[in-house]
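Student: Before anything else, here's the structure in question.
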Amino acid sequence: MPPKRAKGLKKSTAEPASKRARGDTASPAADASAADPSENAQTLFVGDVEEDHEVAEVAAMLHAATSRIAAGDADQGRTLLRGTVHEAARQLGLAAADADLLPAGDHAVLRLVYALALFWTAAYGADEAKHAGEFLDIARDTLAEVPATVPAPSAAIAHAPTRAAVQAVLKVGGALLAGTKIAQKDLDVYADAVPHADREAIAWIAHRRLTPADKDGDDDEEADEPAVPSIDTVEALWQTLDNDSSVKHLGVGQVLLLKATAVVEEQGERAEADKPVDKNKLLIAAELLDTAHTLLAKARDTDDHPNEANFLPLAETCVNQGAVAEMLDEDADKVANAYMMAVAYFKKAAEHAPDAVDAEMLAGLEDTIRAILAEQGDESDESEVDDEDEDDDEDDEEAAQGESDDEEDDE
């Protein structure tokens, strides 16, 4: 067995295969593949691969890229993705010049890796996202060159994607990037064909695009903003994850929280304007929040290392539950308890990420709790005074009755 070594990013001046095959002269996708990732003199570990097996190297590079991004290291993930596009294009160019260079199975895997790398680069690259359509066109053209039945690749290739998985990713992920509707039948195929880690990554892409605060790009350049999926599309993508996945509970719980929050904000505006609230909508929101809380708590309990990503949505859920209870004129204890749970969750989140919690907001929430409890105490005191007055009235009546009886006896 040949020795193994950690592989970094190679430098190459070969013309990218996509550019030569399509006759492109100025393509953003071609520019991405031609850019030399080694210019920054940075070597990133992508795992052990067999010495001089270049297809195995590029497949390992793609796997490392998506793993880094899933772990939260987007910068290194993007570097590895661009390196994968660059290296796969270089190898495809050499294979196009020499038909006997690669076995059929390895050549097919190389095309699949290239197509998949183009999709992920379009999804995660800040500059490449502006040209996502072109990246996806090249990826689909590359996939079309792979036979329906892919010959078995070399055993040295540890992370070879399947044709069915790449096709499903391009169909579902491509629709997501384009902002078009995803058919349920395509989601069913996607759930069966695509590895769980990739489905999780695509669900996160959709979820972050749904949240305005997480959008990239300048506000003045609306054309460059990524397409925003519908909330139902995002929920459907989370639902494709395995049932025992804590991330699935977290994702679906956050979607339900978003749905309920929209109702709470709408009805809150009506309440502030002294307009009647829609109690039916608030009851529906309450059910959504209860389900969201159950799922988010389950995600926290099944996560090996729960952090602010778990505690913040739980806190926001409790804030909304308190607001709904207030607008429905429910018992003050229920309102205060919801807000107190929110405070507890916010403080847990701050233990992991102090900057993630607004101190003024937290202080304001605590003031609200104190005001509710104080008001409740005043009402209790007033009730006790009323009871005492009633007792005094009864005593007076009894005394008066006694005096009347005495007068009758004297007569």
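The values are calculated or read from the model by the stated rules, or taken from the named source; none is laboratory data. Please read these numbers as outputs of a predicted model, since none were measured by experiment. A quick note on method: Cβ atoms are made from the backbone with ideal geometry, for glycine too, and the neighbour counts reach across all protein chains shown. In case anyone asks, the SASA skips ligands and DNA or RNA and just uses the protein heavy atoms, side chains included. Shrake-Rupley method; radii C 1.70, N 1.55, O 1.52, S 1.80 Å.
Student: How much length is gained if the chain between residue 274 and residue 329 is pulled fully straight, taking 0.36 nm per residue apart and subtracting their Cα-Cα distance, in nm to one decimal? All intermediate terms of the calculation are to be shown ahead of the outcome.
Tutor: Working: separation 55, 0.36 × 55 = 19.80 nm, distance 1.44 nm.
Computed gain between residue 274 and residue 329 is 18.4 nm.
Student: Quote the relative contact order of the range 163-322 in percent (integer), defining contacts as alpha-carbon pairs under 8 Å separated by 6+ residues.
Tutor: Values: 166 pairs, mean separation 29.6, N = 160.
This gives 18 percent for the range 163-322.
Student: Sorting check: for 304-312, 171-179, 192-200, which peptide has the highest mean count of neighbouring beta carbons within 10 Å, and how do the rest follow?
Tutor: Working: 304-312: 16.7, 171-179: 20.8, 192-200: 18.3.
Descending mean neighbour count gives 171-179, 192-200, 304-312.
Student: Assuming 0.36 nm per residue, please report the length gained on full extension of the stretch residue 228 to residue 148 beyond their Cα-Cα distance.
Tutor: Values: separation 80, 0.36 × 80 = 28.80 nm, distance 3.28 nm.
Length gained between residue 228 and residue 148: 25.5 nm.
Student: Related question: Mind ranking 372, 202, 231 by accessible surface for me, highest first, 1.4 Å probe? Don't skip to the answer; put the middle values down first.
Tutor: Numbers: 372 25, 202 0, 231 50 Å².
Putting 372, 202, 231 in descending order of accessible area: 231, 372, 202.
Student: Measure off, as a whole percent, the carbon and sulfur share of the 1.4 Å-probe accessible area of the range 189-335, all protein chains present. It would help to have the intermediate numbers written out before the result.
Tutor: Values: 3500 of 7520 Å².
In the range 189-335, the share of accessible area belonging to carbon and sulfur is 47 percent.
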